[in-house]
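*Asks:* Pasting a structure below so you can have a look.
Read the figures in this text as sums done on the coordinates, not as results from a lab. What you are looking at is a predicted structure, and each value in this text was computed from that prediction instead of being measured. Virtual Cβ from ideal backbone geometry, glycine too; neighbours counted across all protein chains shown.
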Amino acid sequence: MQKASVIGTTSWGITLATLLSKKGIEVRLWARTLREANRLKKHGSNRFPDIPIPKEIIITHKMDEALDGVGAVILAVPSATMRENISRAAKYLGKTTIIISASKGLEVGSNKRMSEVIAEEIDPRFHINICVLSGPQLAREIMNDRPAASVVAAEDNKTAKKAQKLLTLKNFCVFTNTDVIGVELGGALKNILALGAGIADGLGYGDNAKAAFMTRGLTEITALGMALGANPLTLSGLAGLGDVITTCASPLSRNHYVGVELAKGRPLEEILKSMQQVAEGVNTTLVAYNLAQQMGLEMPITEKIYQVLFENAEPSQAALVIVGGNAKHELSGRRWRLFSLFRHQKRRRG
């Protein structure tokens, strides 16, 4: 029987463990402590109180037991704890173990993507085994067997196909990609847009304004993606546009919820303390803002969300810029490279 491990008892971690178990794979789910492991075995997850964890899943707080003989390990942990968790798992990895990051965030301080964090903590011989999973993935819908699609990316296409085969189920279609940068950035940066969409909804701006915001926001994160080496087409795919639509529209989105609550005037710290799960968009906004400052890249939406989160700016004052203030050409921005795509096309036709 094929064996896989899921590191992390987040809602997405439990969802992925459940999916793999339904496929007949032997799944080990790693919990941080013995107490947490015992609680999950006895009471199930408070993330999904109405859906029991399949009894076939082996729940353990021991990393060596969780990774013993597995062909794949999925890291479904908050970005802030990725480095700690992969460093604990590193010595138990085999040379053929597929390593899948299912986290949608960026590391504060280093400004690194999760695959970069993983690569720094494991044997360089295993770098070829690193994958990233992203896309419109609302865990509650997937746990309820509603159809969904996602994308798994690896620099080595053979590795991506192995991960695709592992993760694909009847109601969960997984596509492959080799643009790791684009897939990771799409999954992380869309959380900034979800915060802004929540603010727009909380202020009652309506669908026209939110559509403008989502479109302008996608253009902005595509510009940052290109500056960091991503293929812009990736940001129009599942990991970019697909995830933007889901997280900006669904009440199940944690980051959208934070935006709505900010628009009500609640302090950020109070909102975050009241949540059981992590809203990755907060830290991602900080990292994206820092990257834009370092590169001299114009990111007005990100800048305004940053001011609301970290400088106590009023959401209502930032909202006009969020939905498209200071209008210029649709594809223009300081140090954006979006026009270069069309220049290259014109040269080819000439």
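*Asks:* Let me spell out the model: positive unit charges on the Cβ of Lys and Arg, negative unit charges on the Cβ of Asp and Glu, origin at the Cα centre of the range 179-283. What dipole size does that give, in debye rounded to 20?
*Replies:* Here the range 179-283 has a charge dipole of around 180 debye.
*Asks:* Could you tell me which trypsin sites (Lys or Arg not before Pro) in the range 38-83 are loop residues by DSSP with no more than 16 other beta carbons within 10 angstrom of their beta carbon? Write down the numbers at each step before the final one.
*Replies:* On the way: sites: 39, 41, 42, 47, 55, 62, 83; in loops: 47, 55, 62.
When the trypsin sites (Lys or Arg not before Pro) of the range 38-83 are filtered for loop state and at most 16 Cβ neighbours within 10 Å, 55, 62 remain.
*Asks:* Would you look at the GNM of the chain, springs on alpha carbons closer than 10 Å, and say which of 157, 208, 85 moves the most?
*Replies:* Answer for the Gaussian network model of the chain: 208.
*Asks:* Okay, next question. Longest span of the chain, sites excluded, free of GluC sites (Glu not before Pro) in DSSP loop with at most 16 other C-beta atoms within 10 Å? Don't jump to the answer; show the numbers that get you there.
*Replies:* On the way: sites that count: 56, 155, 311, 330.
Excluding the exposed sites themselves, the longest stretch runs over 156-310.
*Asks:* Rank the residues 201, 207 as a footprinting-exposure proxy: fewest other Cβ atoms within 10 Å of their Cβ go first.
*Replies:* Taking fewest neighbouring Cβ atoms as first place, the list is 207, 201.
*Asks:* Tell me the label only: which of [x] 0.97; [y] 1.00; [z] 1.25 is Rg/Rh (Cα atoms, Kirkwood Rh) as calculated from this structure?
*Replies:* [x]
*Asks:* Of 159, 124, 143, whose Cα points farthest to the positive end of the dipole of the range 109-168 (charges on the beta-carbon: +1 Lys, Arg; -1 Asp, Glu; origin at the Cα centre)?
*Replies:* Checked the options; the winner is 143.
*Asks:* Taking the alpha-carbon centroid of each part, what is the distance from the range 88-166 to the range 1-80 in angstrom?
*Replies:* Taking the Cα centre of the range 1-80 as reference, the centre of the range 88-166 is 16 Å away.
*Asks:* For 183, 70, which order do you get if you count the other beta carbons within 10 Å of each Cβ and list the fewest first?
*Replies:* Fewest-to-most ranking of 183, 70: 70, 183.
*Asks:* While we're here: Using +1 at the Cβ of each Lys and Arg and -1 at the Cβ of each Asp and Glu in the range 3-178, identify which of 86, 111, 18 lies farthest towards the dipole's positive end.
*Replies:* About the Cα centre, the residue reaching furthest to the positive side is 18.
*Asks:* Still on this structure, I have one more. Can you tell me the dipole magnitude for the chain around its Cα centre, using point charges on the Cβ only (Lys, Arg +1; Asp, Glu -1), in Debye to the nearest 20?
*Replies:* So the magnitude is around 880 debye.
*Asks:* Also: Mind counting lysine pairs for me in the range 181-349? Cα separation below 18 Å, and the two need to be 8 or more apart along the chain or on different chains.
*Replies:* Within the range 181-349, the lysine pair count is 7.
*Asks:* For the range 12-153, just say rounded, prolate or oblate: build the C-alpha gyration tensor, square-root its eigenvalues into a ≥ b ≥ c, call rounded for a/c under 1.5, and beyond that prolate if a/b exceeds b/c, oblate if not.
*Replies:* prolate
*Asks:* Would you mind checking the tilt of helix 34-43 against the longest principal axis of the Cα atoms of the chain, expressed as 0 to 90 degrees and rounded to 10?
*Replies:* Roughly 90 degrees between the two axes.
*Asks:* Ok, one more. For 127, 43, which order do you get if you count the other beta carbons within 10 Å of each Cβ and list the fewest first?
*Replies:* Working: 127 14, 43 11.
Taking fewest neighbouring Cβ atoms as first place, the list is 43, 127.
*Asks:* Full extension from residue 295 to residue 173: what is 0.36 nm times the residue separation minus their Cα-Cα distance, to one decimal in nm?
*Replies:* 40.3 nm is the gain from fully extending residue 295 to residue 173.
*Asks:* Rounded to the nearest 500, what is the chain's calculated 222 nm mean residue ellipticity when only DSSP H runs of at least 4 contribute -39500 (n - 2.57) each, over all residues?
*Replies:* Estimated from H runs of four or more residues: -15000 deg cm²/dmol.
*Asks:* Once the other residues with Cβ under 13 Å from the Cβ of residue 59 are scored (Lys, Arg +1; Asp, Glu -1), what is the net sum?
*Replies:* Within the 13 Å Cβ shell, the charges total +4.
*Asks:* How far is helix 281-295 tilted off the main Cα axis of the chain, in degrees rounded to 10, range 0 to 90?
*Replies:* With both axes taken from Cα atoms, the answer is about 60 degrees.
*Asks:* Hey, what angle do you get for helix 157-167 against the long axis of the chain, alpha-carbon based, 0 to 90 degrees rounded to 10?
*Replies:* The answer is roughly 70 degrees.
*Asks:* For residue 42, go through the lysines and keep the ones whose alpha-carbon is under 18 Å away, minus same-chain ones fewer than eight residues off.
*Replies:* Partners found: 55, 62.
*Asks:* Order 185-192, 146-153 from most to least packed using the mean count of other Cβ atoms within 10 Å.
*Replies:* So the peptides 185-192, 146-153, ranked by packing, come out 185-192, 146-153.
*Asks:* Rounded to the nearest 5, what is the percent of antiparallel bridges among the DSSP beta bridges in the chain?
*Replies:* Given both bridge residues lie in the chain, the antiparallel proportion sits at roughly 15 percent.
*Asks:* Which of rounded, prolate, oblate describes the range 1-80, given a ≥ b ≥ c as roots of the alpha-carbon gyration tensor eigenvalues and a/c under 1.5 marking rounded, otherwise prolate only if a/b is larger than b/c?
*Replies:* Judged from the Cα gyration tensor, the range 1-80 comes out rounded (a/c under 1.5).
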